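> Below is a structure I'd like to ask you about.
Derivation of every value follows stated rules applied to the coordinates shown; laboratory data play no part. Remember, it's a predicted structure, so these values are computed and weren't measured experimentally. Every residue, glycine as well, gets a Cβ built from its backbone with ideal geometry; the counts of neighbours run over all protein chains shown.
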Amino acid sequence: MIRLYLGVSQGKLATLLQLPKRGGAIRVSEYETGKREPNLIVLLRYARLVKLSTDVLIDDDLSLSEQLYCNENQSLTDNALPE
């Protein structure tokens, strides 16, 4: 799970993904449990945050864990989203 890899709370991830302050953590929870799918903009922000292709996030045949491991030496601050 991306959030655990980043070591952040659902609220912090919601902030990083620029989700609304009210209900953002709930959306992250819904993404994690499969109750809701992120829209394309959020998906792109996720990908940029962890420096991965969106393909890795949406294609079950690609290994997310392997790709995250390759980026392991990058800190969260290095992955800041563009303004």
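> If you take every residue apart from residue 26 with its C-beta less than 15 Å away from the C-beta of residue 26, what net charge results, scoring Lys and Arg +1 and Asp and Glu -1?
Charge balance in the 15 Å sphere: +4.
> If you don't mind, there's one more thing I want to ask. Quick one: if you stick a label point 7 Å off each Cα along the C-beta vector at residue 37 and residue 61, how many nm between them?
Calculated label separation equals 1.8 nm.
> Next up: Karplus couplings for the stretch 11-19 from phi (6.51 cos²θ - 1.76 cosθ + 1.60, θ = phi - 60°), rounded to Hz, Gly and Pro as x?
So the Karplus estimates, Gly and Pro as x, are x, 5, 5, 4, 5, 4, 8, 6, 7 Hz.
> Report the gain in length on full extension from residue 1 to residue 44: 0.36 nm times residue separation, minus Cα-Cα distance, nm rounded to one decimal.
The residue 1-residue 44 span can extend by a further 13.9 nm.
> Which of the peptides 1-9, 41-49, 23-31 is most tightly packed, and how do the rest follow, judged by the mean count of other Cβ atoms within 10 Å per residue? Display every interim value, and only then the final one.
Working: 1-9: 14.1, 41-49: 16.2, 23-31: 17.9.
Packing proxy ranking, top to bottom: 23-31, 41-49, 1-9.
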